[in-house]
Each structure stands twice: as structure tokens, then as C-alpha cells.
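Notes to accompany the following structure.
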Amino acid sequence: MKLCRIGNIGNEKPALIDNENNYRDLSSVIDDLNPETLNFDTIEKIKNTEISALPKLDPNLRIGPCVSNPSKFIGIGLNFKDHAEEQNLPIPTEPIIFSKFTSCITGPNDPIEVPKGSNHTDWEVELGFVIGKKGKNISINNALEHVLGFFLVNDVSERDFQKNRGLTWDKGKGFDTFGPIGPYILTKDELPDFQKLNMFLDVDGKRMQTGNTEKMIFDVKTLVSYMSSCMTLLPGDICCTGTPPGVGENMSPPHFLKGGEEVVLGVDKLGQQKHKVIPFKG
């Protein structure tokens, strides 16, 4: 099933996209798509609901981020061999983990704001997933039992802050508006081929990134197992799994985002995002 959140910022309602692409209001079933509800009991509850009896929501309403208030937004760096090679960096022998501050999360069509003083704001199309079952030290064989579903992510990154302003990536990954997620979560049972998904990203109509999730160095089950050896994974936690080649910093000459540009990205079966880039507002 496709689960999303619809409405103005701070007033989103949980919704389900039915087989006719109607947005069905889930407010009578669950309060929100958040750590309290993003679990497999909720999925069964929704499956047992008469969807056609749920009210339709206006399809012209804003689509919000598909997960509300996750306890963690985990990123994985250099998880595509060809992306590591384009940066002339060694292929990782274990996953590179960083955090994106949860205040960076926005909806799939909300604007991307270039941070104050930034000249190196970049893009990254990625596959995201959400945890639906608590776990720690999870075996690879059991890892997918903890994944509730998948969604599209733009891991927006400020390269100067990421690489030249200290020893961690987090500062360059967590600016406000740097975490667009959605438009929806597609539950795992409806996406068995999540390791064979095409992905793309365009800037002002020019194709910048193409890739496929089959080229990930560490697949989803390996990431879940590895992350759970470092931290307890909780329902509602989200992760973006790395980007294919074609980021702006590796172009010749480099191309970084500036006000007025439009970014469009997508992953097979997970929809698309469209963002206007706006300058820092102050």
C-alpha cells in the first residue's frame, strides 16, 4: 500500500493512495505516520479497513513528508561503487554512517533553500526505507523483517560544510530543507524488487544522475544489520541508502544549486519529487 501525509505544514493528515489514485483520509484509523504508528500492527489495521468508505482528500493539497518526527534520520555515504570512483575515493569495506538532522525533513515538492553563505549546495537521489520493528544486533537473515517500506529521498548536501568545516559530514547534510522525503511510503510487500530500481535526477530539465539500486555496495539487509550493531533501530527511523554518480561537485566544471533552478528526481515505483531552489531568506 501507498501511505502519505497530506496538508499544510504542521497540519498534515495521514492518507492512503488507493488503486484509483484517490487520497483516502486515514485520520479515523491512525493519528499520523510517526514512530507510534509505523509498525506492522498498523499495516494490518489498515488492511482490515474498508478503504472505499474513507473520505477522499483534495488531490491538490500539499503532500507532506511521508514520515513524521522520526527519532533518527540515518544516511549512508559512498554506497555506489561508481559514485566512490567518480570522487577518486576508495571503495568502502564497511558502511559509512552519518546523521541528517530531523529538522531538515520536508515534503517531496517543497522548496530547497540554499543556506546562508553557501556556494556548494548539491543533490543526491536515493532510495529510503523506514523501520517498522524495534531491533538491535539484527542478523542479516532477519534484517528485512524490520523494514516496513520504501520511499524516495533527495539527500541534499552542502559540500563545503560537509568536507571542509570539521571532521564529520553532519553539518553539510542537515541544513533546513535538506531532507525531502516521499511522496509516499510503499510497503515492503508491494516492492519485492527494491534492489533493482532505476533512479534519476534532473536539474532544469538536464539529466544529471542515473543509476539502479542493484549497484549498491551494501544492500538494504546488510545496512539494517550493520546499523543495528551501532544503535537500536526504532519504528519510524528512516535511512537513505546512498546515491549513484552524477552529483554536481564532480562535474567539469562543478555545478551547484542556485536560486531559481528546478530539481526533479524519481525512483521506480516510488514516485517523483519536484523542488524549486530558493536563495537564503534570512
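The values are calculated or read from the model by the stated rules, or taken from the named source; none is laboratory data. Since the model is a prediction, treat every value here as computed from it, not as a measurement. Cβ: placed from backbone, ideal geometry, glycine included. Neighbour counts: every protein chain shown.
Among the residues of the stretch 145-201, which ones are within 21 Å of ASP32 (Cβ to Cβ), touching a Cys at 6+ places or on another chain (Cβ under 8 Å) and among the aromatic types (Phe, Trp, Tyr)?
Within the stretch 145-201, PHE151, TYR184 qualify.
Name the single residue, out of those in the stretch 74-106 being among the aliphatic types (A, V, I, L, M) and not in a strand (DSSP E or B), that is nearest to THR177 (Cα to Cα). Spell out the reasoning first.
Just the residues of the stretch 74-106 that are among the aliphatic types (A, V, I, L, M), to begin with: 74, 76, 78, 84, 89, 91, 96-97, 105.
If we keep only those that are not in a strand (DSSP E or B) as well, we get 78, 84, 89, 91.
Values: LEU78: 22, ALA84: 25, LEU89: 28, ILE91: 29 Å.
Only one residue tops the list, namely LEU78.
Looking at ILE63, ILE131, ILE46 in this structure, which one is among the aliphatic types (A, V, I, L, M), surrounded by 16 or more Cβ atoms within 10 Å (Cβ to Cβ) and assigned by TED's automatic domain parsing to the domain that holds ASP18?
Details: ILE63 fails: assigned by TED's automatic domain parsing to the domain that holds ASP18; ILE131 fails: assigned by TED's automatic domain parsing to the domain that holds ASP18.
Criteria check complete, one pass: ILE46.
Take the residues in the stretch 13-57 that are touching a residue at least 40 places away in the same chain (Cβ under 8 Å) and over 20 Å from LYS188 (Cβ atoms); name whichever of them is nearest to the chain's Cα centre (by Cα).
That would be LYS13.
Please determine whether any residue of the stretch 143-153 is of a type in the set (Asp, Glu), within 22 Å of CYS66 (Cα to Cα) and part of a loop (DSSP other than H, G, I, E, B). Break it down stepwise before answering.
So in the stretch 143-153, the residues of a type in the set (Asp, Glu) come out as 145.
After this cut, where a residue has to be within 22 Å of CYS66 (Cα to Cα) as well, the list is 145.
After this cut, where a residue has to be part of a loop (DSSP other than H, G, I, E, B) as well, the list is none.
No, that holds for no residue.
Among the listed residues PRO90, PRO95, PRO108, identify the single one that is crowded, with 20+ Cβ neighbours inside 10 Å, in the same structural domain as ASP219 (by TED's automatic domain parsing) and either more than 28 Å from GLU262 (Cβ to Cβ) or charged (D, E, K, R) (or both).
Result: PRO95 is the single residue among PRO90, PRO95, PRO108 that is crowded, with 20+ Cβ neighbours inside 10 Å, in the same structural domain as ASP219 (by TED's automatic domain parsing) and either more than 28 Å from GLU262 (Cβ to Cβ) or charged (D, E, K, R) (or both).
Among the residues of the stretch 198-219, what is the count of those that are farther than 15 Å from ASP122 by Cα and hydrophobic (A, V, I, L, M, F, W, C)? I'd like the intermediate steps shown before the answer.
As a first pass, look at the stretch 198-219 and keep what is farther than 15 Å from ASP122 by Cα: 198-199, 205, 210-219.
Add one more test, that the residue is hydrophobic (A, V, I, L, M, F, W, C), and what stays is 199, 216-218.
Total meeting the criteria: 4.
Restricting the search to the stretch 8-21, which residues are crowded, with 17+ Cβ neighbours inside 10 Å and farther than 13 Å from PRO183 by Cβ?
We begin by selecting, within the stretch 8-21, every residue crowded, with 17+ Cβ neighbours inside 10 Å; these are 12-17.
Of everything in the stretch 8-21, those that are crowded, with 17+ Cβ neighbours inside 10 Å and farther than 13 Å from PRO183 by Cβ turn out to be LYS13, PRO14.
Among the residues in the stretch 214-224, are any at positive phi, surrounded by 17 or more Cβ atoms within 10 Å (Cβ to Cβ) and in the same structural domain as PHE98 (by TED's automatic domain parsing)? Break it down stepwise before answering.
Here is the first cut: in the stretch 214-224, the ones at positive phi are none.
The answer is no, given that none of the residues of the stretch 214-224 is at positive phi, surrounded by 17 or more Cβ atoms within 10 Å (Cβ to Cβ) and in the same structural domain as PHE98 (by TED's automatic domain parsing).
Pull out all pairs, ordered by first then second residue, where Cβ-Cβ is under 6 Å, the residues are six or more apart or on different chains, the first lies in the stretch 248-260 and is within 18 Å of VAL114 (Cβ to Cβ), and the second is among the polar types (S, T, N, Q) and modelled with pLDDT of 95 or more.
From residues that are within 18 Å of VAL114 (Cβ to Cβ), the pairs are PHE256/THR121; LEU257/THR121.
Of the conditions (1) closer than 26 Å to THR210 by Cβ; (2) out of contact with any helix residue (DSSP H, G or I) (no Cβ under 8 Å at 6 or more places or on another chain); (3) part of a loop (DSSP other than H, G, I, E, B), VAL130 clears all except one; give me its number.
(3)
Filter the stretch 94-113 for residues that are farther than 22 Å from ASN8 by Cα and not polar (S, T, N, Q) and give the result. First the steps, then the outcome.
Here is the first cut: in the stretch 94-113, the ones farther than 22 Å from ASN8 by Cα are 94-100.
Listed by number, the residues that qualify are GLU94, PRO95, ILE96, ILE97, PHE98, LYS100.
May I ask you to list pairs of residues, at least six apart or on different chains, whose Cβ atoms are under 9 Å apart, with the first in the stretch 107-121 being outside any loop (DSSP other than H, G, I, E, B) and the second being of a type in the set (Asp, Glu) and surrounded by fewer than 17 Cβ atoms within 10 Å (Cβ to Cβ)?
What qualifies is GLU113/ASP176.
So ILE76 fits all but one of (1) loosely packed, with under 15 Cβ neighbours inside 10 Å; (2) under 25 Å from GLN209 (Cα atoms); (3) at pLDDT 95 or above; (4) of a type in the set (A, V, I, L, M); what number is the exception?
It is condition (1) that ILE76 fails.
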